[in-house]
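Below is one structure, written out as structure tokens; comments come after it.
The values are calculated or read from the model by the stated rules, or taken from the named source; none is laboratory data. Keep in mind that what you see is a predicted model, and the values were worked out from it rather than measured. Heads up, the Cβs are rebuilt from the backbone with ideal geometry, glycines too, and the neighbour counts pull from every protein chain shown.
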Amino acid sequence: MIVAEDMAKPGVCAMPQEIPGTFTVLAEDRGTGARCGVLHTAHGALETPVFMPVGTQASVKAMSSAELEDLGVSILLGNTYHLHLRPGLEVIGAAGGLHAFMDWSRPILTDSGGYQVFSLAQSRKIQDEGVVFQSHLDGSRLFLGPVEAMAIQRTLGSDIAMVFDECIPAGSTRDYACQSTARTVDWAARCREQPRAPGQLVFGIVQGGAFEDLRRQCARELQAIGFDGYAVGGVSVGEPEDILMKGVADGVAELPRDRPRYLMGVGRMSQMVRAVAMGIDMFDCVMPTRYARNGSAFTRTGVYPVKAASNRLDQRPVEEGCTCYTCSRYTRSYVRHLLHAGEILGLRLLTVHNIHRYMCFMGEMRAAIRNQCFGDFMDSVLDVERKAVFCGDDAVRGC
């Protein structure tokens, strides 16, 4: 089994179990809105800020549950839509729920499927009751709405269930955004009424597109309904960076201090550090695993392609000074060889390193908040971003 350094499991909180949903802010940075906290769930407590690797189909690609635990991962994300289609609720129910099915004893958050419906725009029809669309697997006609999404998540038994929402495409008109946001609030209210799995928390999702007043209004209306936590959704859907970050600021502005705040689908380190400065507590993204499969490594000094020819004879580790399993035992030359040879071990080793880097990054943010130096930490992260040399969609930097 691939094992990272034994580093007190960053993000895994060993305090006594409290009532699921209890959220306590433990430290706040005086110069920004950044904060450290702890959220209690039915499967343990989470230290925030926290990053959730994406396990869409009950698997973080290339990793076992034991390996993720050894890397200090404290919570995973699963997906309602994908798990409902394959393997199906009958299979997961027979196993006793998603935790038992994938042998994961720590918390799980399940996305409601709203984003997947958004991505199927060419084959969907939105109605007041939900969305009719075609399966991406076999083209069969499917229906997903607030009642169905919550019923699926109840069977999955996730610790945090997300309400069913409509993700507004970038560039949408104000009229469309108004109608869509109202529909999201209505669906959220219906989700709130549905039965839950024991100890299951439910988070509302702030939508509103690129319109500040709509996002603020949505946040206020969701609070009036009452949820265990709140997410900012509908960003990172193709909009420019400045619009993305403004959407985060607008979405978080009206959210309560005493509830966790989750930014959905954002995972670039420069974006996360800016979002934490605004008061965001939770993140998920496919970036660390997807970049690994594409042959790129995250480091303290940026992202670089291990597959590059310049690494053919390089006997240094993937990241100098890193203590993960990959960097402790293998060279860039070897990992590059595996990637070019199509060996599965290559992408596994890079995945181990990238997830380790993300877990360390979150731990560094928490430490900076506790030590009242988060502003300096943020500046150092953004300085790496400013020095980036962009090549296509990937930021390629010196390492």
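Couple of notes before you dig in:
- Any hit, region 109-117, residues being surrounded by 14 or more Cβ atoms within 10 Å (Cβ to Cβ), polar (S, T, N, Q), assigned to a loop (DSSP other than H, G, I, E, B) and in the same structural domain as ALA170 (by TED's automatic domain parsing): yes
- The condition (being surrounded by fewer than 23 Cβ atoms within 10 Å (Cβ to Cβ) and at pLDDT 90 or above) is satisfied by just one residue among ARG124, ARG154: ARG154.
- If the condition is being of a type in the set (Asp, Glu) and closer than 27 Å to MET63 by Cα, then region 96-135 contributes ASP103, ASP111.
- Any hit, region 352-363, residues being in contact with a helix residue (DSSP H, G or I) (Cβ under 6 Å, 6 or more places away or on another chain) and farther than 29 Å from VAL25 by Cα: yes
- Helices (runs of 4 or more DSSP H) fully within region 64-104 that include at least 1 residues being at positive phi, modelled with pLDDT under 95 and touching a Cys at 6+ places or on another chain (Cβ under 9 Å): none found.
- Candidates TYR291, TYR262, TYR230 - the one that is within 30 Å of HIS340 (Cβ to Cβ) and not polar (S, T, N, Q): TYR291
- For region 301-319, the set of residues classified as under 29 Å from the mean Cα position of the chain (by Cα) and free of Cβ contacts under 8 Å to residues at least 40 places away in the same chain consists of LYS307, ALA308, PRO317, VAL318, listed by residue number.
- Among the conditions (1) at pLDDT 95 or above; (2) in a loop (DSSP other than H, G, I, E, B); (3) crowded, with 21+ Cβ neighbours inside 10 Å, the only one that GLY21 does not satisfy is (3).
- If you go through region 188-242 and keep only what is in a helix (DSSP H, G or I) and either aliphatic (A, V, I, L, M) or over 25 Å from PHE23 (Cα atoms) (or both), you end up with ALA188, ALA189, GLU212, ASP213, LEU214, ALA219, LEU222, ALA224, ILE225, GLU241, ASP242.
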